[in-house]
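Read through the structure below, which is laid out as structure tokens, and then see the notes.
Read-outs: derived from the displayed coordinates by stated rules, not from any lab. A quick note: this is a predicted structure, and the numbers were derived from the prediction, not measured. When we count neighbours, we look across all protein chains shown, and the Cβ atoms used for this are built from the backbone with ideal geometry, even at glycine.
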Amino acid sequence: MKISDFLRKEAVNVDLKSETKMDVISEMVTMLVDGGIIEKKHKNKIIDGLMAREALGSTAIGQGIAIPHTKSDTVGDLISALAISKKGVNFDSLDGEPAYIFFLLIAPSDSAGPHLKALARVSRLLKDKFFRDSLKNTKTAKDVMDLLSQEDSRIG
């Protein structure tokens with residue numbers, strides 16, 4: 001599974017404006033709506049699912065990374081959005097540090113395998129400090145997609 005299998009350029013934002021957890025999630029789901037990836041009528045249901053998951057425990061895993069995720073019957077395939085905050089956002093991270101890289105995942109309700117594979121793939125990519133730093137320094141969505149494509153090829 002490659003990141004390009006479930007992330008489209010329309011769902012990438014290199015200048016996230018939000019300053020709170022709720023606003024980050026809302027802004028990222030809005031990116032998916034604006035990109036034509038999910039229907040607007042499902043926006044609030046998806047946000048509610050993501051916030052319910054956050055209530056169980058923060059998806060900010062440390063090192064400036066958060067991977068908010070949920071399952072929803074409103075999507076037929078695994079979809080994602082990627083956003084980068086220049087200032088950082090308090091996302092209740094395990095290490096107490098702000099999050100800068102947000103990788104949002106939404107999987108169909110009945111899919112355990114792809115959801116877990118995607119989480120593992122994203123986590124593996126973002127473990128690499130050089131890759132995280134490169135990602136934070138991208139200027140455009142195309143730069144992000146090119147970088148992800150290179151990294152996908154490198155780690156196989």
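Here are the numbers for the structure shown:
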read-out: Single match in Ser93, Ser85 (criterion: of a type in the set (Gly, Ala, Ser), over 24 Å from Gln150 (Cβ atoms) and surrounded by 17 or more Cβ atoms within 10 Å (Cβ to Cβ)); value: Ser93
read-out: Residues satisfying the stated conditions in the stretch 18-33, i.e. under 10 Å from Ala83 (Cβ atoms) and assigned to a loop (DSSP other than H, G, I, E, B); value: Ser18
read-out: Failed condition for Val75, given (1) in contact with a Pro (Cβ under 8 Å, 6 or more places away or on another chain); (2) buried (at least 16 other Cβ atoms within 10 Å of the Cβ); (3) within 20 Å of Val12 (Cβ to Cβ); (4) touching a residue at least 40 places away in the same chain (Cβ under 8 Å); value: (4)
read-out: Only one of Ile101, Ile155 that is touching a Lys or Arg at 6+ places or on another chain (Cβ under 7 Å), surrounded by 18 or more Cβ atoms within 10 Å (Cβ to Cβ), free of Cβ contacts under 8 Å to residues at least 40 places away in the same chain and not polar (S, T, N, Q); value: Ile101
read-out: Residues satisfying the stated conditions in the stretch 47-69, i.e. more than 20 Å from Leu125 (Cα to Cα) and either of a type in the set (D, E, K, R) or in contact with a Leu (Cβ under 8 Å, 6 or more places away or on another chain) (or both); value: Asp48, Leu50, Arg53, Glu54
